[in-house]
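Comments concern the structure below.
Every number in this text was worked out from the coordinates using simple rules, so none of it is lab data. The model shown is predicted, which means the values in this text are computed figures rather than measured ones. Counting neighbours? That spans all protein chains shown, and the Cβs are built from the backbone with ideal geometry, glycine included.
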Amino acid sequence: MIVETGPVDRTKYAAAAERALRVHPGPLGELVARELRAFADFGFRIAGDGLVDRLAAEVLAEVPDGGDR
């Protein structure tokens, strides 16, 4: 199932992508950021399982070691 994302979701995914790089430095953060950025840029979700939404929510909710939120 292909679902087009709206501007609010795209903004959320872009913010989560940037945050992933700060919260998870290194390859893990880069991989997460690339996936989230792709959904923000292209505006489509292929799977209907909510994984991208859950991933973005988790990254945005994480508190890095320095306490930055």
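General observations
- Neighbour net charge for Ala20 - beta-carbon separation under 12 angstrom, K R +1, D E -1: -1
- The listed peptides 23-35, 5-17, ordered by packing as a protection proxy, come out as 5-17, 23-35 (highest mean of other Cβ atoms within 10 Å first).
- Distance-filtered residues of the range 2-17 - backbone nitrogen under 20 Å, label point 7 angstrom along Phe44 Cα→Cβ: 2-14
- By the Kirkwood approach, averaging reciprocal distances over each pair of separate Cα atoms, the range 3-61 gets a hydrodynamic radius of 11.0 Å.
- 5 angstrom amide H check on Thr5, placed H, neighbours 5+ away: Phe44, Arg45
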